[in-house]
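Participant: After the C-alpha coordinates below, expect a handful of questions from me.
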Amino acid sequence: MKALLLNGQSHHGWLASSPLVKKILEQTCLFSVDIKTRPPKGSDMSGFRPEFEAYDLIVLDDGGDPWSDATNAAFVDYISAGGGVALFHHSCQLFHQWQEFNEIMGLAGWGKRPASVGPRLYWRDGEVVRDTGPGDAGDCLDLRENQIIVRDPAHPITKGLPEKWLHATDELYFNLRGPAKNLHVLATAYVEPQAEAHYNDSGFGSGEHEPVLFTVDYGKGRCFNTTLGHVEGGTPADTRADSMECVGFITTFQRGCEWAASGNVTQDVPADFPAEDAISIREKCELPSAA
Ligand code: ZN
(Lines give C-alpha, C1' and ligand atoms only; values in the text may rest on other atoms or scores of the structure.)
Protein backbone atom coordinates (compact mmCIF):
# COMPACT_ATOMS: atom_id res chain seq x y z
CA MET A 1 0.00 0.00 0.00
CA LYS A 2 1.09 3.56 -0.57
CA ALA A 3 1.20 6.10 2.25
CA LEU A 4 1.72 9.85 2.02
CA LEU A 5 3.14 11.59 5.09
CA LEU A 6 2.43 15.31 5.28
CA ASN A 7 4.54 17.64 7.44
CA GLY A 8 6.15 21.06 7.42
CA GLN A 9 4.58 23.25 10.09
CA SER A 10 4.70 22.50 13.80
CA HIS A 11 6.50 23.50 16.97
CA HIS A 12 6.94 19.76 17.54
CA GLY A 13 9.98 17.99 16.09
CA TRP A 14 8.64 16.78 12.77
CA LEU A 15 12.15 16.77 11.25
CA ALA A 16 12.92 13.97 13.71
CA SER A 17 9.54 12.25 13.89
CA SER A 18 8.74 11.97 10.16
CA PRO A 19 11.75 9.74 9.33
CA LEU A 20 10.77 7.52 12.27
CA VAL A 21 7.17 7.26 11.03
CA LYS A 22 8.44 6.33 7.56
CA LYS A 23 10.77 3.71 9.04
CA ILE A 24 8.06 2.25 11.30
CA LEU A 25 5.56 1.91 8.47
CA GLU A 26 8.02 0.49 5.94
CA GLN A 27 9.19 -2.10 8.51
CA THR A 28 5.76 -3.70 8.22
CA CYS A 29 6.52 -4.55 4.56
CA LEU A 30 2.94 -3.35 3.96
CA PHE A 31 3.65 0.28 3.07
CA SER A 32 5.89 2.45 0.96
CA VAL A 33 5.92 6.00 2.31
CA ASP A 34 6.33 9.27 0.42
CA ILE A 35 6.90 12.47 2.40
CA LYS A 36 5.54 15.82 1.26
CA THR A 37 6.68 18.93 3.13
CA ARG A 38 4.61 22.05 2.79
CA PRO A 39 5.93 25.62 2.81
CA PRO A 40 6.64 27.27 6.19
CA LYS A 41 4.00 29.00 8.30
CA GLY A 42 2.64 32.18 6.79
CA SER A 43 3.32 31.06 3.20
CA ASP A 44 0.78 30.97 0.39
CA MET A 45 -0.83 27.49 0.59
CA SER A 46 -2.67 27.65 -2.75
CA GLY A 47 0.03 25.58 -4.47
CA PHE A 48 -0.03 22.82 -1.84
CA ARG A 49 -2.20 20.18 -3.51
CA PRO A 50 -1.25 16.63 -2.44
CA GLU A 51 -2.53 13.85 -4.70
CA PHE A 52 -4.58 12.21 -1.97
CA GLU A 53 -6.34 9.81 -4.33
CA ALA A 54 -3.00 8.23 -5.34
CA TYR A 55 -2.57 6.84 -1.80
CA ASP A 56 -4.12 4.23 0.50
CA LEU A 57 -3.19 6.23 3.60
CA ILE A 58 -2.52 9.85 4.52
CA VAL A 59 -0.40 10.36 7.67
CA LEU A 60 -0.36 13.76 9.34
CA ASP A 61 2.77 14.93 11.22
CA ASP A 62 1.89 18.58 11.16
CA GLY A 63 0.27 21.40 13.12
CA GLY A 64 0.04 24.67 11.32
CA ASP A 65 -1.86 27.00 8.99
CA PRO A 66 -5.07 26.10 7.11
CA TRP A 67 -4.80 24.44 3.70
CA SER A 68 -6.56 26.01 0.73
CA ASP A 69 -10.29 25.41 0.30
CA ALA A 70 -9.56 23.27 -2.78
CA THR A 71 -7.15 21.03 -0.83
CA ASN A 72 -9.65 20.73 2.02
CA ALA A 73 -12.36 19.65 -0.41
CA ALA A 74 -10.06 17.10 -2.06
CA PHE A 75 -9.18 15.64 1.35
CA VAL A 76 -12.83 15.27 2.36
CA ASP A 77 -13.62 13.65 -1.01
CA TYR A 78 -10.69 11.25 -0.52
CA ILE A 79 -11.75 9.95 2.89
CA SER A 80 -15.48 10.01 2.06
CA ALA A 81 -14.76 7.66 -0.85
CA GLY A 82 -12.93 5.16 1.39
CA GLY A 83 -9.49 6.65 2.03
CA GLY A 84 -7.48 6.14 5.22
CA VAL A 85 -6.05 8.76 7.57
CA ALA A 86 -3.73 8.38 10.55
CA LEU A 87 -2.57 11.11 12.87
CA PHE A 88 -0.63 11.30 16.10
CA HIS A 89 -0.13 13.67 19.01
CA HIS A 90 0.35 17.27 17.82
CA SER A 91 -1.58 16.81 14.56
CA CYS A 92 -4.80 17.06 16.61
CA GLN A 93 -4.00 20.77 16.86
CA LEU A 94 -4.65 21.25 13.13
CA PHE A 95 -7.47 23.13 11.44
CA HIS A 96 -9.76 24.16 14.30
CA GLN A 97 -12.12 26.09 12.01
CA TRP A 98 -12.63 23.24 9.52
CA GLN A 99 -15.73 21.34 10.64
CA GLU A 100 -15.28 18.25 8.42
CA PHE A 101 -11.70 17.82 9.59
CA ASN A 102 -12.81 17.97 13.22
CA GLU A 103 -15.34 15.24 12.44
CA ILE A 104 -12.68 13.12 10.71
CA MET A 105 -10.28 13.19 13.68
CA GLY A 106 -13.04 13.05 16.30
CA LEU A 107 -11.31 14.74 19.23
CA ALA A 108 -8.77 17.55 19.16
CA GLY A 109 -7.07 20.21 21.22
CA TRP A 110 -5.78 23.78 21.23
CA GLY A 111 -6.06 26.15 18.29
CA LYS A 112 -8.73 28.19 20.13
CA ARG A 113 -11.21 25.31 20.17
CA PRO A 114 -14.08 26.33 22.47
CA ALA A 115 -16.50 24.01 24.27
CA SER A 116 -18.89 24.33 21.32
CA VAL A 117 -16.68 22.02 19.18
CA GLY A 118 -18.13 19.09 21.10
CA PRO A 119 -17.83 17.05 24.29
CA ARG A 120 -14.87 15.66 26.18
CA LEU A 121 -14.86 11.88 26.38
CA TYR A 122 -14.03 9.89 29.50
CA TRP A 123 -14.09 6.18 30.24
CA ARG A 124 -16.13 5.41 33.38
CA ASP A 125 -17.46 2.07 34.59
CA GLY A 126 -16.95 0.27 31.31
CA GLU A 127 -18.35 2.87 28.94
CA VAL A 128 -17.72 6.19 27.28
CA VAL A 129 -19.12 9.27 29.04
CA ARG A 130 -19.60 12.54 27.14
CA ASP A 131 -18.90 15.71 29.14
CA THR A 132 -20.47 18.80 27.59
CA GLY A 133 -19.38 21.07 30.45
CA PRO A 134 -17.37 24.28 29.99
CA GLY A 135 -13.68 24.60 29.20
CA ASP A 136 -11.41 24.93 26.19
CA ALA A 137 -10.11 21.89 24.34
CA GLY A 138 -6.74 20.40 25.07
CA ASP A 139 -4.41 20.02 28.01
CA CYS A 140 -1.22 18.15 28.65
CA LEU A 141 0.74 16.48 31.43
CA ASP A 142 4.51 16.85 31.18
CA LEU A 143 6.82 14.02 30.13
CA ARG A 144 6.26 10.84 32.14
CA GLU A 145 5.61 7.14 31.71
CA ASN A 146 1.89 6.33 31.33
CA GLN A 147 0.04 3.08 31.75
CA ILE A 148 -2.25 2.44 28.79
CA ILE A 149 -5.40 0.36 29.30
CA VAL A 150 -6.99 -1.40 26.33
CA ARG A 151 -10.77 -0.88 26.36
CA ASP A 152 -11.69 -2.93 23.30
CA PRO A 153 -9.63 -6.13 23.08
CA ALA A 154 -11.73 -7.36 20.13
CA HIS A 155 -10.88 -4.55 17.68
CA PRO A 156 -8.34 -5.50 14.96
CA ILE A 157 -5.91 -2.78 16.14
CA THR A 158 -5.84 -3.90 19.79
CA LYS A 159 -6.56 -7.61 19.44
CA GLY A 160 -3.91 -9.70 21.22
CA LEU A 161 -2.36 -6.78 23.12
CA PRO A 162 -2.00 -7.06 26.91
CA GLU A 163 -4.87 -5.32 28.72
CA LYS A 164 -2.41 -2.91 30.38
CA TRP A 165 1.01 -1.78 29.19
CA LEU A 166 3.50 0.86 30.22
CA HIS A 167 4.18 3.51 27.59
CA ALA A 168 7.64 5.10 27.56
CA THR A 169 8.27 8.77 28.42
CA ASP A 170 5.74 10.97 26.65
CA GLU A 171 3.38 13.85 27.20
CA LEU A 172 -0.18 12.88 28.05
CA TYR A 173 -2.94 14.85 26.35
CA PHE A 174 -6.32 15.18 28.03
CA ASN A 175 -9.45 17.37 27.95
CA LEU A 176 -9.58 16.96 24.17
CA ARG A 177 -12.93 17.90 22.62
CA GLY A 178 -14.60 17.34 19.30
CA PRO A 179 -17.69 16.18 17.46
CA ALA A 180 -16.77 12.57 18.39
CA LYS A 181 -19.25 11.15 15.86
CA ASN A 182 -18.79 7.48 14.94
CA LEU A 183 -15.84 7.48 17.35
CA HIS A 184 -14.64 4.25 18.92
CA VAL A 185 -12.33 4.32 21.96
CA LEU A 186 -9.67 1.59 21.88
CA ALA A 187 -7.47 2.55 24.84
CA THR A 188 -7.25 5.09 27.64
CA ALA A 189 -4.78 6.50 30.19
CA TYR A 190 -5.56 7.84 33.65
CA VAL A 191 -4.96 11.52 34.35
CA GLU A 192 -4.52 11.99 38.11
CA PRO A 193 -6.43 14.94 39.62
CA GLN A 194 -3.30 16.04 41.52
CA ALA A 195 -1.09 16.08 38.40
CA GLU A 196 0.05 19.57 37.41
CA ALA A 197 -1.34 20.81 34.05
CA HIS A 198 -0.83 24.00 32.08
CA TYR A 199 -3.86 24.82 29.96
CA ASN A 200 -6.93 24.78 32.19
CA ASP A 201 -8.07 27.11 34.93
CA SER A 202 -7.70 24.57 37.73
CA GLY A 203 -4.08 23.90 36.84
CA PHE A 204 -4.51 20.17 37.45
CA GLY A 205 -5.42 16.91 35.77
CA SER A 206 -8.97 15.74 35.12
CA GLY A 207 -9.09 12.69 37.38
CA GLU A 208 -10.50 10.75 34.43
CA HIS A 209 -9.52 7.86 32.18
CA GLU A 210 -8.99 9.71 28.89
CA PRO A 211 -8.90 8.34 25.30
CA VAL A 212 -5.41 7.84 23.85
CA LEU A 213 -6.16 5.48 20.94
CA PHE A 214 -9.41 5.80 18.99
CA THR A 215 -10.90 5.43 15.54
CA VAL A 216 -13.45 7.42 13.56
CA ASP A 217 -15.53 6.19 10.63
CA TYR A 218 -16.21 8.96 8.12
CA GLY A 219 -18.16 8.23 4.97
CA LYS A 220 -16.59 5.07 3.55
CA GLY A 221 -13.22 6.00 5.07
CA ARG A 222 -11.42 5.44 8.35
CA CYS A 223 -9.27 7.56 10.69
CA PHE A 224 -6.88 6.24 13.34
CA ASN A 225 -5.92 8.78 16.00
CA THR A 226 -3.31 8.33 18.74
CA THR A 227 -2.58 11.12 21.19
CA LEU A 228 0.82 9.54 21.93
CA GLY A 229 4.08 10.45 20.21
CA HIS A 230 5.44 13.76 21.57
CA VAL A 231 8.77 14.72 19.99
CA GLU A 232 10.36 17.99 21.06
CA GLY A 233 11.14 20.57 18.41
CA GLY A 234 14.80 20.84 17.44
CA THR A 235 17.34 19.22 15.18
CA PRO A 236 16.92 15.46 14.68
CA ALA A 237 20.46 14.74 15.93
CA ASP A 238 19.78 15.98 19.46
CA THR A 239 16.06 15.15 19.70
CA ARG A 240 14.90 12.41 22.05
CA ALA A 241 11.97 10.39 20.78
CA ASP A 242 11.33 7.85 23.55
CA SER A 243 7.60 8.18 22.90
CA MET A 244 7.98 6.85 19.35
CA GLU A 245 10.73 4.35 20.20
CA CYS A 246 8.26 2.69 22.59
CA VAL A 247 7.27 -0.69 21.15
CA GLY A 248 3.74 0.06 22.32
CA PHE A 249 3.63 3.19 20.15
CA ILE A 250 5.30 1.43 17.21
CA THR A 251 2.94 -1.56 17.30
CA THR A 252 -0.29 0.36 17.76
CA PHE A 253 0.69 2.89 15.08
CA GLN A 254 1.62 0.18 12.58
CA ARG A 255 -1.66 -1.60 13.26
CA GLY A 256 -3.71 1.58 13.27
CA CYS A 257 -2.28 2.61 9.92
CA GLU A 258 -2.97 -0.80 8.37
CA TRP A 259 -6.54 -0.66 9.67
CA ALA A 260 -7.08 2.90 8.39
CA ALA A 261 -5.74 1.97 4.96
CA SER A 262 -7.46 -1.39 4.55
CA GLY A 263 -10.02 -1.97 7.33
CA ASN A 264 -8.02 -5.00 8.45
CA VAL A 265 -4.94 -5.86 10.54
CA THR A 266 -2.62 -8.73 9.60
CA GLN A 267 0.31 -7.94 11.94
CA ASP A 268 1.17 -10.05 14.99
CA VAL A 269 1.95 -8.56 18.40
CA PRO A 270 5.78 -8.52 18.73
CA ALA A 271 7.57 -10.44 21.49
CA ASP A 272 9.14 -7.23 22.86
CA PHE A 273 5.78 -5.47 23.45
CA PRO A 274 5.86 -3.64 26.83
CA ALA A 275 4.47 -5.21 29.99
CA GLU A 276 2.03 -3.78 32.52
CA ASP A 277 4.88 -2.38 34.63
CA ALA A 278 7.84 -2.28 32.23
CA ILE A 279 8.51 -0.12 29.18
CA SER A 280 10.10 -1.54 26.03
CA ILE A 281 12.22 0.64 23.73
CA ARG A 282 13.68 0.11 20.27
CA GLU A 283 16.55 2.58 19.86
CA LYS A 284 15.84 4.81 16.84
CA CYS A 285 12.91 2.48 16.08
CA GLU A 286 15.26 -0.17 14.68
CA LEU A 287 13.86 -3.68 14.52
CA PRO A 288 15.26 -6.07 17.14
CA SER A 289 18.00 -8.28 15.72
CA ALA A 290 16.87 -11.80 14.86
CA ALA A 291 17.32 -14.35 17.63
ZN1 ZN B 1 3.78 17.42 22.57
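Participant: Identify the residue in region 148-160 that is of a type outside the set (Lys, Arg) and part of a loop (DSSP other than H, G, I, E, B) and, among all such residues, is surrounded by the fewest Cβ atoms within 10 Å (Cβ to Cβ). Let's see the steps before the verdict.
Facilitator: Residues of region 148-160 of a type outside the set (Lys, Arg): 148-150, 152-158, 160.
Those left that are additionally part of a loop (DSSP other than H, G, I, E, B): 152-158, 160.
Values: Asp152: 16, Pro153: 13, Ala154: 7, His155: 19, Pro156: 19, Ile157: 27, Thr158: 24, Gly160: 14.
Checked region 148-160; the qualifying residue surrounded by the fewest Cβ atoms within 10 Å (Cβ to Cβ) is Ala154.
Participant: Also, quick follow-up: Restricting the first residue to region 253-278 and requiring it to be over 17 Å from Leu25 (Cα atoms), which pairs with a second residue that is basic (Lys, Arg) and open to solvent by 30 Å² or more (accessible area, probe 1.4 Å) meet a Cβ separation below 9 Å and a spacing of at least six or different chains?
Facilitator: From region 253-278, the pairs are Ala275/Lys164; Glu276/Lys164; Asp277/Lys164.
Participant: With the structure loaded, tell me whether Ala291 is open to solvent by 40 Å² or more (accessible area, probe 1.4 Å), at pLDDT 95 or above and not hydroxyl-bearing (Ser, Thr, Tyr) or whether it fails that test. First the steps, then the outcome.
Facilitator: Details: open to solvent by 40 Å² or more (accessible area, probe 1.4 Å): yes; at pLDDT 95 or above: no; not hydroxyl-bearing (Ser, Thr, Tyr): yes.
So Ala291 does not fit the description; no.
Participant: Now for a different question. In region 79-98, which residue that is more than 16 Å from the ligand (Cβ to nearest atom) and free of Cβ contacts under 8 Å to residues at least 60 places away in the same chain is nearest to Gln254 (Cα to Cα)? Spell out the reasoning first.
Facilitator: So in region 79-98, the residues more than 16 Å from the ligand (Cβ to nearest atom) come out as 79-86, 95-98.
Now narrow it down to the ones that are free of Cβ contacts under 8 Å to residues at least 60 places away in the same chain: 95-98.
Working: Phe95: 25, His96: 27, Gln97: 29, Trp98: 27 Å.
Residue satisfying both the conditions and the ranking: Phe95.
Participant: Right, something else. Got a sec? Which of Thr132, Thr71 is open to solvent by less than 40 Å² (accessible area, probe 1.4 Å), more than 16 Å from the ligand (Cβ to nearest atom) and either within 19 Å of Val191 (Cβ to Cβ) or modelled with pLDDT of 95 or more (or both)?
Facilitator: Working: Thr132 fails: open to solvent by less than 40 Å² (accessible area, probe 1.4 Å).
One residue alone meets the criteria, Thr71.
Listed here are the residues, each with its yes/no results for (1) crowded, with 19+ Cβ neighbours inside 10 Å; (2) of a type in the set (Asp, Glu); (3) in a strand (DSSP E or B).
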position	(1), (2), (3)
Ala180	yes, no, no
His184	no, no, yes
Gln194	no, no, no
Tyr199	no, no, no
Pro211	yes, no, yes
Phe214	yes, no, yes
Cys223	yes, no, yes
Gly234	no, no, no
Arg240	no, no, no
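Residue by residue, here is whether (1) touching a residue at least 24 places away in the same chain (Cβ under 8 Å); (2) open to solvent by 60 Å² or more (accessible area, probe 1.4 Å); (3) hydrophobic (A, V, I, L, M, F, W, C) holds:
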position	(1), (2), (3)
Leu4	yes, no, yes
Ser10	yes, no, no
Leu15	yes, yes, yes
Pro19	yes, yes, no
Cys29	no, yes, yes
Ser32	yes, no, no
Lys36	yes, yes, no
Gly42	no, yes, no
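Participant: Checking Gly64 against (1) open to solvent by 50 Å² or more (accessible area, probe 1.4 Å); (2) closer than 26 Å to Asp242 by Cα: exactly one of these is not met. Which one?
Facilitator: (1)
Participant: Still on this structure: Kindly indicate which of Glu127, Glu100, Glu145, Glu163 is open to solvent by 30 Å² or more (accessible area, probe 1.4 Å) and touching a helix residue (DSSP H, G or I) at 6+ places or on another chain (Cβ under 7 Å).
Facilitator: On the way: Glu127 fails: touching a helix residue (DSSP H, G or I) at 6+ places or on another chain (Cβ under 7 Å); Glu145 fails: touching a helix residue (DSSP H, G or I) at 6+ places or on another chain (Cβ under 7 Å); Glu163 fails: touching a helix residue (DSSP H, G or I) at 6+ places or on another chain (Cβ under 7 Å).
Selected residue: Glu100, the only one of Glu127, Glu100, Glu145, Glu163 that is open to solvent by 30 Å² or more (accessible area, probe 1.4 Å) and touching a helix residue (DSSP H, G or I) at 6+ places or on another chain (Cβ under 7 Å).
Participant: Sticking with this one: Checking Val117 against (1) at pLDDT 95 or above; (2) more than 18 Å from the chain's Cα centre (by Cα); (3) within 30 Å of Glu53 (Cβ to Cβ): exactly one of these is not met. Which one?
Facilitator: Here Val117 meets the rest and fails (1).
Participant: Please tell me if His230 is free of Cβ contacts under 8 Å to residues at least 60 places away in the same chain, within 26 Å of Ser10 (Cα to Cα) and in a loop (DSSP other than H, G, I, E, B).
Facilitator: Answer is no for this residue.
The values are calculated or read from the model by the stated rules, or taken from the named source; none is laboratory data. On a predicted model such as this, the values are computed, not experimentally measured, just so you know. Don't worry about glycine lacking a Cβ; one is built from the backbone with ideal geometry, like all the others, and counts go over all protein chains shown. To get the accessible areas, we keep the full protein, side chains included, count just its heavy atoms, and leave off ligands, DNA and RNA. Shrake-Rupley method; radii C 1.70, N 1.55, O 1.52, S 1.80 Å.
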